[in-house]
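Since the structure comes first, as structure tokens, the remarks are kept for the end.
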Amino acid sequence: MKPEAVLGEVAEQTAACTRCKLHFSRKKAVPGSGNPHSEILFIGEGPGFHENQQGLPFVGQAGKFLDELLASINFTREDVFITNVVKCRPPSNRDPEPEELEACRPYLERQIAAINPAVIVTLGRFSMGYFISNGKISSIHGRSYQSNGRMVIPMYHPAAALHQPSLRSVVQADFLKIPELIEKSKENRHEPRVVDEIEEVVAEEAPIDDKGAEQLSLF
Ligand code: URA
């Protein structure tokens, strides 16, 4: 099946999904959008108010900042694919619950398999946790990891930088590393492995002391 077809199916399935309680308050599911053949996949947390209204990811304030970040590396939304770990809005923008993350996991797995990106950028701690257990975002943001044959780069959620201005330049600097890491990922790329082991491939600067940043509400 072509990536477009799989992504279309996921969009239909999420629109009708009743696998978790988020469907009760859903206006529109937000399966994700962008280029089905992108070499880079961005994974956020979950839809907020505006995303739930429009059915599109990152259309609020955090999305505006994400557009700026993409522009800083000469990408537009049409070049990349953007999705979330949960496709329906958690009420009042609360954190997604473990059962909700688990219920939505098959959709994300199908999207990753269909797009087959060389690089996955996780935005915030929930999508980071999907690939890297026990990772601390303040220590590992902007570094690259290998997960199941793919490069994964954990980054702060753009909304975290809106809440905490000192993180803005951190996120901007992390984004500037993306083009080089995409190139590097192509050199090291191999077929996905069955074992989902995580190994660090690049260690860069020392962790920045931004204690408490990950406790921020990400919206
Ligand atoms: N925050 C997210 O994590 N995802 C969105 O789609 C919007 C805001």
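Where a number appears in this text, it was derived from the coordinates with a stated rule and is not lab data. Because the structure is a prediction, the values reported are computed rather than measured. Note that each Cβ is placed from the backbone with ideal geometry, even for glycine, and that neighbours are counted across all protein chains shown.
Site pair K186 and H163 shows an inter-label distance of 3.7 nm when each label is modelled 7 Å from Cα along Cα→Cβ. Largest mean-square fluctuation among P57, P31, P165, in a Gaussian network model of the chain whose springs join Cα atoms under 10 Å apart, belongs to P165.
Rg of the Cα atoms in region 3-188, relative to 2.2 N^0.38 Å, amounts to 0.95. Of all lysines in the structure, those lying under 16 Å Cα to Cα from K177, and not within fewer than 8 positions of it along the same chain, are K186.
Let me know the longest stretch in the chain that avoids all trypsin sites (Lys or Arg not before Pro) found in a DSSP loop with at most 16 other C-beta atoms within 10 Å.
With a cap of 16 other Cβ atoms within 10 Å, the longest stretch comes to 28-93.
Highest GNM mean-square fluctuation, the chain, Cα pairs closer than 10 Å: which of Y156, Y130, Y107? Greatest mean-square fluctuation among the candidates belongs to Y130.
If the only charges are +1 at each Lys and Arg Cβ and -1 at each Asp and Glu Cβ, what is the size of the charge dipole of region 3-188 around the Cα centre, to the nearest 20 debye? Intermediate results must be reported in sequence, preceding the final value.
Working: 20 positive and 20 negative charges, 90 e Å.
Charge dipole, region 3-188, about its Cα centre: 440 debye, nearest 20.
Largest GNM mean-square fluctuation across V59, V86, V152, computed for the chain with C-alpha springs under 10 Å, falls on V59. Across the options Q172, N84, I137, the greatest Cα extent toward the positive end of the charge dipole of the chain (unit charges at beta carbon of Lys, Arg, Asp, Glu) belongs to N84.
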